[in-house]
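Data first, discussion second: the structure below is written as C-alpha cells.
Just so you know, all these numbers are worked out from the coordinates, no wet-lab data involved. Keep in mind the model is a prediction, meaning the values are calculated, not measured. No Cβ is skipped: glycine too gets one built from the backbone with ideal geometry, and neighbour counts run over all protein chains shown.
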Amino acid sequence: MANLNDSLAQLQSIDGALTAAVVDSSSGMVLGSVGSGVDIELAAAGNTEVVRAKLATMKSLNLNDQIDDILITLGKQYHIIRPVAKKEGLFVYMVLDKARANLALSRRKVQDIEQALVV
C-alpha cells in the first residue's frame, strides 16, 4: 500500500513520464500531481468529462461493467486514465512521451500503482 505522494513518485519514474495526477472525478480537482509539460489542472478538468461521458454511455447501453482504463493516443503523447477501484470517484491520469514510453509496460505499471494507492 502506498500513500498519494509515494504513488505519484512511482508514476513519475515510469519511462517516458511527463506528468501524472490523482483526480476527483466529481469535481475535476487535482488531489496531487507530479511532473510538467501539461497544464494538469486543465487536463484534469477536461478528462473528468471524458470519464463522465464514458460512464454515461455505458449506462445508456446497459453495460454492467467497469472501466479498467481509457487510452488516448496523440501524435506525440499517450494519455492514460485509470479509475481507482478502491475509491469510487477518483482516477489516475498519466501523460507519457510517446517516443520514450513502452505503452504496454506503462499501462501495467499504472495498474499496479493504482491498485496499491491509499487515499
Work out the charge dipole of the chain with +1 on the Cβ of Lys and Arg and -1 on the Cβ of Asp and Glu about the Cα centre, then indicate which of Tyr78, Met29, Thr19 is farthest towards its positive end.
Tyr78
Checking Gly16, Gly89, Gly46 against a Gaussian network model of the chain (alpha-carbon springs below 10 Å), the top fluctuating residue turns out to be Gly46
Gaussian network model of the chain, Cα within-10 Å springs - most flexible of Val50, Val84, Val34:
Val50
Got the relative contact order for the chain handy, in percent, Cα pairs under 8 Å and 6 or more residues apart?
33 percent
The stretch 103-119 to the stretch 65-83: how many Å between their Cα centroids?
12 Å
Just from its helices, what would the mean residue ellipticity at 222 nm be for the chain, if runs of 4 or more DSSP H residues each count -39500 (n - 2.57) and the sum is divided by every residue, rounded to the nearest 500 deg cm²/dmol?
-12000 deg cm²/dmol
Anchor Lys98: aspartates and glutamates whose Cα lies under 12 Å away (excluding residues fewer than 8 positions away in-chain):
Asp15
Cα centre as origin, Lys/Arg/Asp/Glu Cβ charges: the chain dipole, Debye:
240 debye
Binned Cα-Cα distance frequencies in the stretch 4-116 - 5 Å width, integer %
2, 13, 25, 26, 20, 10, 4, 1
